[in-house]
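Following: one structure in structure tokens, then a few remarks.
FYI, it's all coordinate maths here, none of it is from the lab. Computed from a predicted model, the values in this text were never measured in an experiment. Reconstructed Cβ throughout: ideal geometry from the backbone, glycine too, with neighbour counts over all protein chains shown.
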Amino acid sequence: RSIENTFIEANNSKILYTVSIGLACLLDKNITSKMLLKNADAALYKAKENGRNRIEIFTT
């Protein structure tokens, strides 16, 4: 909420913004960095699909 309530001023205008974040955890030693990034990306798209401005955690 703190990001959502913050703005940037540019050219005498207020710019509001939000952030969507996708998280993935490395719990299995057999997961490669490529797989970890793919999982985080999937969580990011889920955050965007579920209304943006949120954090989603990848779960199997």
In order through the range 12-24: 3J(HN,Hα) via Karplus (6.51 cos²θ - 1.76 cosθ + 1.60), integer Hz, x for Gly, Pro: 6, 10, 9, 10, 9, 8, 10, 9, 10, 10, x, 10, 9
One-quarter of the Cα convex hull surface for the chain, in nm²? 5.4 nm²
Scalar couplings 3J(HN,Hα) for the range 55-60 by Karplus 6.51 cos²θ - 1.76 cosθ + 1.60 (θ = phi - 60°), nearest whole Hz, x for Gly and Pro, are 10, 10, 10, 5, 10, 8
The size of the Cβ-based charge dipole (Lys, Arg +1; Asp, Glu -1) of the chain about the Cα centre, to the nearest 20 debye, is 80 debye
Hey, what do the phi angles of the range 36-52 turn into as Karplus ³J(HN,Hα) couplings, whole Hz, using 6.51/-1.76/1.60 and θ = phi - 60°, x for Gly and Pro? 4, 5, 4, 5, 5, 5, 4, 5, 4, 5, 5, 4, 5, 5, 8, x, 6
Residues meeting the amide H criterion for Ile57 (H placed from the backbone, H to H distance under 5 Å, 5 or more places apart or on another chain) are Leu23
